[in-house]
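This report concerns only the one structure given below.
The values are calculated or read from the model by the stated rules, or taken from the named source; none is laboratory data. Predicted model only: the values in this text are computed from it and were never measured. Quick reminder, even Gly has a Cβ in these numbers, built from the backbone with ideal geometry, and neighbours come from all protein chains shown. To get the accessible areas, we keep the full protein, side chains included, count just its heavy atoms, and leave off ligands, DNA and RNA. Shrake-Rupley method; radii C 1.70, N 1.55, O 1.52, S 1.80 Å.
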Amino acid sequence: MMASSVGIVGVGMMGGSIALAALSAGYRVSLYDGLASAKLAGPKFRDASVANDLAELVSNSRLLILATPIGALPQIGSSLSELVTPAHVVSDVASVKRPVAEVLAKTFRNRCEYVPAHPMAGSEKSGPEAARADLFVGAVTLLCPELAVEAASVELVTAFWKKLGTRVVLVDVAEHDQLVAVMSHLPHLVAALLVKHVAQTNKAALDLCGPGFRDATRIAAGSPSLWADILLSNAEAVQEHLRGFKRELEEAIILLAEKDGKKLQALLDEAKENRDRLSP
C-alpha cells in the first residue's frame with residue numbers, strides 16, 4: 001500500500017473531480033462506484049484504476065475518500081469497516097458533518113483513523129462527466145481533526161488537499177455545520193426561493209432575465225434530491241440563519257416603504273464592501 005495512494009468511493013462530479021485532481025498531483029488513484037463502476041472505463045479516468053469491489057479498492061489505497069450522497073454513507077462505512085486496517089485513513093466530503101461524523105466515527109473506531117473534510121468547491125452540474133481537475137484550485141477545505149487519534153492522520157489528509165490546490169482550515173464538527181449553513185446552505189435555499197418567486201409571480205420574466213439573475217441563482221440548478229438531503233441534514237442551523245435572513249428582508253421592506261435612501265444606500269455600501277472582500 002503506497003502512502004500516495006487514494007481510493008475514492010462515489011464518482012460523481014465531486015468524486016470524479018477529486019480523482020482527476022489527485023491524478024494531476026501525482027497520486028495513484030483507485031475508483032469504486034458500485035454498479036456504475038463499469039461506466040468509469042472511458043478516457044476521462046484512463047489513468048485511474050477501477051476496482052471491482054470495495055475489498056480491491058481498500059487493498060490498493062492508503063487514504064479512502066467517501067464521496068457518495070449523505071444518505072449512502074452509513075452503509076458504505078459499515079461495509080468498509082470490515083475491510084480496513086489501522087494503516088488506513090478514511091475521510092469524507094459530506095456537506096454536513098455532525099450526523100455523518102456521529103455514525104462514521106463509531107463505525108471506524110478501533111479499526112482505522114477517520115478525518116472528515118469538506119472542500120468548499122462544487123458545481124450545479126452533476127455526474128462524472130462534469131468532473132474537473134482544476135475544481136479545487138484556490139478553494140478552501142474545512143477539515144475536522146477532533147476525531148483522529150494520531151496527528152499523522154490529520155497531516156495525511158491535510159497534505160492531500162493542499163496538493164490539490166486548496167487552503168486547509170481546521171474546524172470542529174459543530175463549527176463546520178454552522179459555517180456551511182450560512183455560506184452554502186442558506187444561499188442555496190434563497191436562490192431556489194428566488195427562482196420560485198419569479199416563476200410564480202411572472203414566469204415570462206424567466207425568458208427575459210439577464211446575467212445578474214442567472215449569476216444570483218446559478219446554484220439553484222443543483223441536484224434537488226442531493227440538496228434536499230443536505231438541507232434536512234443541517235436543518236437546525238439552516239433554520240436559525242433563515243430566521244435571521246427573514247429579519248433582514250423585513251428591514252429592507254421598511255426602508256423601501258419609508259423611502260429612506262440614506263439607509264438603503266448604507267445597506268448597499270456595506271454589502272458591496274463585504275462582497276469585494278471575497279477571495280477570487
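Which angle between 0 and 90 degrees, to the nearest 10, do you get for helix 235-257 versus the longest principal axis of the chain when only C-alpha atoms count? On a 0 to 90 degree scale, this one is about 20.
Ordering 7, 19, 59 by Cα displacement along the dipole of the stretch 7-61 toward the positive end leaves 19 in first place; charges were set at the Cβ atoms of Lys, Arg (+1) and Asp, Glu (-1).
Between Rg and the Kirkwood Rh of the stretch 180-280, both from Cα atoms, what is the Rg to Rh ratio? List each step's numbers first, then the result.
Values: Rg = 15.3 Å, Rh = 15.5 Å.
Looking at the stretch 180-280, the ratio lands at 0.99.
Please determine, in degrees from 0 to 90 and to the nearest 10, the orientation of helix 98-108 with respect to the longest principal axis defined by the Cα atoms of the chain, where the helix direction is its Cα long axis. So the inclination is approximately 0 degrees.
Computed over every Cα-Cα pair of the stretch 1-78 and binned at 5 Å starting from 0, the pair-distance distribution P(r) comes out as 3, 17, 31, 29, 15, 5, 0 percent.
Past 28 Å, Cα to Cα, is the threshold; run 97/272; 196/262; 97/203; 97/162; 203/262 against it and keep the listed order. Could you put the intermediate results ahead of the total?
On the way: 97/272 31 Å; 196/262 31 Å; 97/203 37 Å; 97/162 20 Å; 203/262 33 Å.
Correct reply: 97/272; 196/262; 97/203; 203/262.
Share of carbon and sulfur in the accessible area of the stretch 106-148 stands at 46%, probe radius 1.4 Å. Pairs of C-alpha atoms in the chain farther apart than 22 Å represent 61 percent of all such pairs.
How long are the three semi-axes of the equivalent ellipsoid for the stretch 63-136, computed from the Cα gyration tensor as the root of 5 times each eigenvalue, in whole Å, largest first? Could you put the intermediate results ahead of the total?
Working: eigenvalues 112, 33, 25 Å².
Semi-axes (√(5λ), whole Å): 24, 13, 11.
In terms of its Cα atoms, the stretch 3-137 spans 38, 29, 27 Å along the principal axes, sorted from long to short.
In debye to the nearest 20, how big a dipole does the stretch 227-271 give about its Cα centre with +1 on each Lys and Arg Cβ and -1 on each Asp and Glu Cβ? It would help to have the intermediate numbers written out before the result.
Numbers: 6 positive and 10 negative charges, 35 e Å.
For this selection, approximately 160 debye.
If I stretch the segment between residue 149 and residue 209 completely, what's the gain in nm (0.36 nm per residue apart, minus their alpha carbon distance), one decimal?
Values: separation 60, 0.36 × 60 = 21.60 nm, distance 5.24 nm.
Stretched out fully, the residue 149 to residue 209 stretch lengthens by 16.4 nm.
Based on Cα contacts under 8 Å between residues 6+ apart, the stretch 59-181 shows a relative contact order of 24 percent.
What whole-number value in Å² describes the accessible area per residue of the chain for a 1.4 Å probe?
Working: 15200 Å² over 280 residues.
Accessible area per residue, the chain: 54 Å².
Contact order, relative form, for the chain: 16 percent (alpha carbon pairs under 8 Å, 6 or more residues apart, mean separation divided by residue count).
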